[in-house]
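Worksheet for the structure shown next.
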Amino acid sequence: MTTSTTTFAILVELDGAGAHPASWRSAAHLPTELLSAGRTAATVRSAERSGFTAATFEDSPLPPGPSAGGRGVIGRIEAVQRAAFAAPLTSSLGLIPVAHAVYGEPFHLSTQLATVDHVSAGRAGWLVGIDADAAIAAAYGRAAVSAERAIADAADTVEVSRRLWDSWEDEAVIRERVTGRYFDRERVHYADFEGESFSISGPAIVPRPPQGQVVVFADGLAAARVGADVALLASIDQVSTAPRAVLELEVVLDAAGVSAAERLAALDGYDLWAPTQRRRFVGTSGELVALLAELATHDRVDGVRLIPAVLDVDLDEIGRAVLPELRRRGLFRSPTPGQTLRESLGLARPANRFAQTEDLEGARA
Amino acid sequence: MSAATHATTTHATTAHTTNTRTPTATSGARRRQLQFGVFFQGVNFSTIWSDANSGSQTDFESFRRLIQTAERGVFSAFFLGEGLRLREHLGRLHDLDVAGRPDALTQLAALAAITENIGLVATQNTTYNDPIDLAHRLASLDILSGGRAAWNIVTTDNAWTGANFRRGGYADHADRYTHAEFVVTTAKALWDSWSEDAISASRDADSWASRDAVAEVSERDAYFAVRGRGRLPRSAQQHPVLFQAGDSAEGRDFAARNAEVIFSAHGVFEPARAFAADVRQRTLKAGRPADDLKIFPGQEFIIGDTEADAIEKARWVRESQVSPQTAIAFLEAVWGTDLSSFDPDGGLPDIQPVQDETGETRGAGFRGKRPREVADAWRAIAEENEFSIRQLVIHLSSGRGFVGTASAIADQLEPFADELVVDGFNVTPWLIPSGLDDIVNRLVPELQERGIYPTEYAGPTLRENLGLRDPLTRRDKRELARLRA
């Protein structure tokens, strides 16, 4: 899974006001301004300007924040639409929404993700949301499933999505006036998927995504089971067989003369940011540069996903003081306009599983 | 490309500057205005793909070009259909029409980023969408567009479509509007579940939002049970505007109870007037003011420099829409068998249809017909007019459409405005992405000079631009009684 430093990826999570439950108190905007077009546009533009490889957009069928007694943000704009909205406002940033894959309709989901890839000219990813929570089942009006079944259903959702994305071959639209045919039905295929919880005929209603396949991301523990392209690892010791591995890092930086530890303590004074499985980096931008420089040459990871405590503070600091230094040292290269997310990650454009004759895929890749 | 389209391209940019007509609305009260919406169809043979000017059906640039032209022409709404299954013909994929379209809400979210005022209407069915998910995705578009989202509510029930969804063909045809009403009620409950002042005004408040300010929603019908919370506050227009397109008595009553705009197929004056009278009666009966439901029939506009030019262009449009193969396939959908051995420029088949009822795989327009009756009726039309197969299909599919110079068409539209027959037209362009250029460059200025078309947007929300009142759930009984009086 080792890749050269030229494809070392730096992703950033952009949900809400930041990952800290009290982040909204340190935001540059009022609480009433958070869930808006303006705020959504501002954060993706900031991420693109800073030169991140891609942005992720957290989501869940349940409202964010703790279910009882929480004082944080409890609203959220649907992540697939945030990614689509971001597409015309950016030209190089990868766009990776979380989309829940257990209780919803896989056919709609695959179409939505393909659409993000079309509107972004090949910059879409999908962070597979796997959550068996009975409250989600109740919201959808379906029977709750076990954690094990949830992973299996998510794997089926990924598999049927992949079949649907391939169901139109690249050259399916022929516009042949002589025969009156708009597309070649020999190059449009049924998905014919039958799983434990659902079956889907296909073909897709949308032509093949520009990347051929949207890049699939999943939590490291489930990545192999769902056939993800990229595993998100909570720890560098976690083993993954996915083609790419990205380490997750929560980030609190020194800012405006206040140390990261003091900033964190102040925010924790309102609401504690409970420790997660992930590593939490609390320090200076220089120290973060040193850590990322080490990871950039590490043979077990191909990139990082940074999860800023407060977007209006930490995202800005990373863009101002961390990424430029990594670029200067030749350890990180920001994507360029028109580059696909696959290209940014060093992943080849896959051949179409349905293409029978010797296809053009190989030549194109 | 034909000479007719050349003429259009050449004159499109100069037409409105050479018009010297005196505005008729300079004195007296402001005239009632019409509005335009545009439908990026993505299916059916009305979209011409064979012309050199026909662009991609999928590339974002096609959508950008069309919606920005519409916004330049002060269109109130941009409308996308919903694909649930690729159409089939005689048991195989139907390959003659444009096909392959994006997810409506996702595409509209992208278009929200590059537009300011135009409404964004997503067709979404109530049968194969999960209410909790559908309501949230509509609310998300409403927030991202600053209050410009709308939901065109459609029902579907056939098992053929259901093969792409978890529940399959679960719903009875008879239940489709009852279930639709449940989905609409659930969506409204979720949209209304955040109180007006749910979110704190200050970063120093005790919490970001008051948890009590968001009510849990619990609804069920025979098919679905939904228990959950809304994830978004109200939008700038309260909640998405509700459109509806069903034309049956049941569909019209559904619209009268629930919708704020009704699409119709009645774009010709007398049928449009009859439709308006009927719909207004039903709206009153539903306890709402008669003008609470706006009427937008679908229409095509074919504009020429002269009457003769427009007629020639219309001929070219129809022949491009109905290729020889499309003409044969049109008959095959009724006959239910291969008719490729028949000459499209010859007479109708003398053999009888082999099926008892037409299927659903070619779309609603073909569905549930009695083939032998249809065949007999078509033979009678063809005999009377000496039509070939292709001429017949052109005749049958060109019932709609204003054809003429921009000025002549504007004259024809005046009574639609003055006599309250429609509130606007939903334009179906026959060419993507340039299909609105003539309308925006030539027809819109003519209508504006007559004072029957807006010269600017009334406001940033779709609700304002359509002149709609608050959503029904936001009005109390007293207000409704006063409005009805």
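Just a few scattered comments:
- Pairs with Cβ under 6 Å, 6+ apart, first in the range A:300-321 and surrounded by fewer than 24 Cβ atoms within 10 Å (Cβ to Cβ) and of a type in the set (Gly, Ala, Ser), second modelled with pLDDT of 95 or more and not in a loop (DSSP other than H, G, I, E, B): A:GLY319/A:SER50; A:ALA321/A:SER285
- Single match in B:GLY359, B:GLY363 (criterion: touching a residue at least 24 places away in the same chain (Cβ under 8 Å), in contact with a strand residue (DSSP E or B) (Cβ under 9 Å, 6 or more places away or on another chain) and surrounded by fewer than 19 Cβ atoms within 10 Å (Cβ to Cβ)): B:GLY359
- In the range B:326-348, the residues that are surrounded by 15 or more Cβ atoms within 10 Å (Cβ to Cβ) and without any contact (Cβ under 8 Å) to a residue 40 or more places away in the chain: B:LEU339
- Residues located in the range A:10-58, provided they are touching a strand residue (DSSP E or B) at 6+ places or on another chain (Cβ under 6 Å), surrounded by fewer than 20 Cβ atoms within 10 Å (Cβ to Cβ) and outside any loop (DSSP other than H, G, I, E, B): A:THR32
- Residue tally, condition β-branched (Val, Ile, Thr) and not in a loop (DSSP other than H, G, I, E, B), over the range B:431-475: 4
- Residue in the range B:282-325 that is farthest from B:ARG469 (Cα to Cα), counting only those that are surrounded by 20 or more Cβ atoms within 10 Å (Cβ to Cβ) and β-branched (Val, Ile, Thr): B:VAL322
- Among strands (runs of 3 or more DSSP E) entirely within the range B:201-278, having at least 3 residues that are within 30 Å of B:GLU414 (Cβ to Cβ) and either more than 9 Å from chain A (Cβ to nearest Cβ) or polar (S, T, N, Q) (or both) singles out B:241-244, B:261-264.
- Checking A:PHE193 against (1) closer than 30 Å to B:ARG64 by Cα; (2) crowded, with 18+ Cβ neighbours inside 10 Å; (3) in contact with a helix residue (DSSP H, G or I) (Cβ under 7 Å, 6 or more places away or on another chain), the condition it does not meet: (1)
- From the list A:ARG142, A:ARG181, the lone residue that is surrounded by fewer than 21 Cβ atoms within 10 Å (Cβ to Cβ) and at the interface with chain B (Cβ under 7 Å from one of its Cβ atoms) is A:ARG181.
- Helices (runs of 4 or more DSSP H) contained in the range A:220-317 and holding at least 2 residues in contact with a Phe, Trp or Tyr (Cβ under 8 Å, 6 or more places away or on another chain): A:260-270, A:285-296
- Qualifying residue in the range B:382-397 (condition: more than 28 Å from B:ARG64 (Cα to Cα), aromatic (Phe, Trp, Tyr) and surrounded by 16 or more Cβ atoms within 10 Å (Cβ to Cβ)): yes
- So A:VAL80, is it modelled with pLDDT of 95 or more, under 12 Å from the mean Cα position of the chain (by Cα), facing chain B (nearest Cβ under 7 Å) and buried (at least 24 other Cβ atoms within 10 Å of the Cβ): yes
- Scanning the range A:68-80 for residues that are more than 19 Å from A:ARG305 (Cα to Cα) and in contact (Cβ under 8 Å) with a residue 12 or more places away in the chain returns A:GLY70, A:ARG71, A:GLY72, A:VAL73, A:GLY75, A:ARG76, A:ILE77, A:GLU78.
- Selection over the range A:196-221 of residues that are at the interface with chain B (Cβ under 10 Å from one of its Cβ atoms) and either of a type in the set (D, E, K, R) or more than 23 Å from B:SER56 (Cβ to Cβ) (or both) gives a count of 6.
- Only one of the numbered conditions (1) of a type in the set (D, E, K, R); (2) at pLDDT below 90; (3) buried (at least 17 other Cβ atoms within 10 Å of the Cβ); (4) within 24 Å of B:LEU105 (Cα to Cα) is violated by B:ASP175, and that is (4).
- The set of residues in the range B:76-90 that are touching a residue at least 60 places away in the same chain (Cβ under 8 Å) and of a type outside the set (S, T, N, Q) comprises B:ALA77, B:PHE79, B:GLU82, B:LEU84, B:ARG85, B:ARG87, B:GLU88, B:HIS89, B:LEU90.
- Residue check, B:SER320 within 24 Å of the chain's Cα centre (by Cα) and not charged (D, E, K, R): yes
The values are calculated or read from the model by the stated rules, or taken from the named source; none is laboratory data. Computed from a prediction, not measured in an experiment: that's the story for all the values here. Cβ atoms come from the backbone with ideal geometry, glycine included; neighbour counts cover every protein chain shown.
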